[in-house]
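Throughout, read-outs are computed from the coordinates displayed, never taken from laboratory work. None of these values were measured; they are calculated from a predicted model. Cβ atoms come from the backbone with ideal geometry, glycine included; neighbour counts cover every protein chain shown.
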Amino acid sequence: MAIRFYIIPEIGAGTASDPRRPKYVGLEASPHISWGGMQYANEAIYLVRADVTGAQHTSISGESDVLSAPENLQDVVGGTLTNLQNKLEAVNIPADWITAGMTYAEVIRWVARLFWVLQRFQGMGFGTFFESEDLDTLVGDMPQQKRSGLKLASESLGLDTDDIQGTDTIRVAFKKLTDQVTTDMLISGQVL
């Protein structure tokens, strides 16, 4: 068994009989997979930490809608940069800031911090962030309620929003906010 990290899509309707959960490691996994994770608020994506066998990892990472990190999170992104960026961007996670020399631990830590900010947005009752927007939408073009929600959620976490301009894209705003987060993220007992 080994601890592995994945970005996995969500399945489930969110009901008692069909709870929201990460695909491939949730209730359907056989044999059972021990996992913990963070949702990207209501964006139907999870950052998952799972204790898997080699066969389970091969099966999960072989899915086209899964992004998996190497077992050694101190490995650098290197030649996987373009694939990593494309897969993150496809699920509205900004990735243009990632370089080939960064470690997977750095990338996962930043992603977890972004998820934390968006979880606060959703938890404060603002719902799904990406409806008609994408990462290149200008902050000034977002609906006023969503701009206010992002500001309130960010400030409730102690983040400074003064540097975010209406001419910034959502990707730039997310980077500015997430770069301020110094809180360690904890997923299933592992500090990121």
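Observations on the model:
- The stretch 64-113-the stretch 125-192 distance, computed between alpha-carbon centres (Å): 19
- Residue (of Ile45, Ala69, Val191) at the positive-pole extreme of the chain, dipole from beta-carbon charges: Val191
- Positive contributions from Lys and Arg (+1) and negative ones from Asp and Glu (-1), summed over other residues with Cβ under 10 Å from the Cβ of Arg113, come out at -1.
- Rounded, prolate or oblate (a/c below 1.5 giving rounded, otherwise prolate when a/b exceeds b/c) for the stretch 79-192 by Cα gyration tensor: oblate
- Taking Cβ atoms as reference points and 13 Å as the exclusive limit, the residues near Arg20 contribute a net charge of -1, counting Lys and Arg as +1 and Asp and Glu as -1.
- Environment charge at Glu155 (Cβ cut-off 12 Å; Lys +1, Arg +1, Asp -1, Glu -1): 0
- In order along the stretch 23-33, the Karplus-derived 3J(HN,Hα) couplings, from 6.51 cos²θ - 1.76 cosθ + 1.60 at θ = phi - 60°, round to 5, 6, 10, x, 4, 7, 5, 9, x, 3, 10 Hz, and Gly and Pro are given as x.
- For GluC sites (Glu not before Pro), the sites in the stretch 94-192 that DSSP calls loop and that have at most 10 other Cβ atoms within 10 Å are Glu131.
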